[in-house]
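The values are calculated or read from the model by the stated rules, or taken from the named source; none is laboratory data. Since the model is a prediction, treat every value here as computed from it, not as a measurement. Positions of Cβ are generated from backbone atoms using ideal geometry, with glycine treated the same way; all protein chains shown enter the neighbour counts. All accessible areas refer to the heavy atoms of the entire protein, side chains included, with ligands and DNA or RNA removed. Shrake-Rupley method; radii C 1.70, N 1.55, O 1.52, S 1.80 Å.
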Amino acid sequence: MHRRFIEASGVGHPAGLIETLTRQDPLNQVLDVRSTICLLDPADWQRSEVANLPTYQDQIELSDVLVLNKADVADADTLSRFAAWGRELF
């Protein structure tokens with residue numbers, strides 16, 4: 001079994017990409033889409049002008065797994081708030 005990660009930022013709307021990969025020939029014949037992962041930068045996650053963008057929200061809502069990228073540069077309070085926020089989503 002081979003695994004592929006598709007980093008799709010800038011490609012288009014996340015729902016459209018998932019639809020293309022799972023429902024359109026020939027891709028749906030050769031791909032088995034499993035979990036979707038959303039990487040979030042703590043600096044962006046805390047900025048309302050980014051966090052409130054519709055595409056940003058859609059990426060989060062369509063994801064099965066949220067990962068806080070650059071966690072090594074985030075302070076403990078940000079990590080704690082992110083974990084609590086993520087638990088509330090699911």
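Odds and ends about this structure:
- Stretching the chain fully between Gln46 and Ala83 yields a gain of 12.0 nm (0.36 nm per residue, less the alpha carbon separation).
- For region 37-77, size of Cβ-based charge dipole, Lys and Arg +1, Asp and Glu -1, in debye: 60
- The chain, dipole about Cα centre (Lys/Arg Cβ +1, Asp/Glu Cβ -1), debye to the nearest 20: 240
- Å² of accessible area per residue within the chain, as computed with a 1.4 Å probe and no ligands counted: 76
- With one equal scatterer per alpha carbon and no solvent term, the Debye-computed log10 I(q)/I(0) for the chain at 0.17, 0.21, 0.25 1/Å reads -0.80, -1.08, -1.37.
- Pair Val67, Thr55: separation of 7 Å Cα→Cβ label points (nm): 2.1
- Whole-percent carbon and sulfur share, accessible surface of the chain, 1.4 Å: 52
- 10 Å beta-carbon shell around His13, net charge (K/R +1, D/E -1): -2
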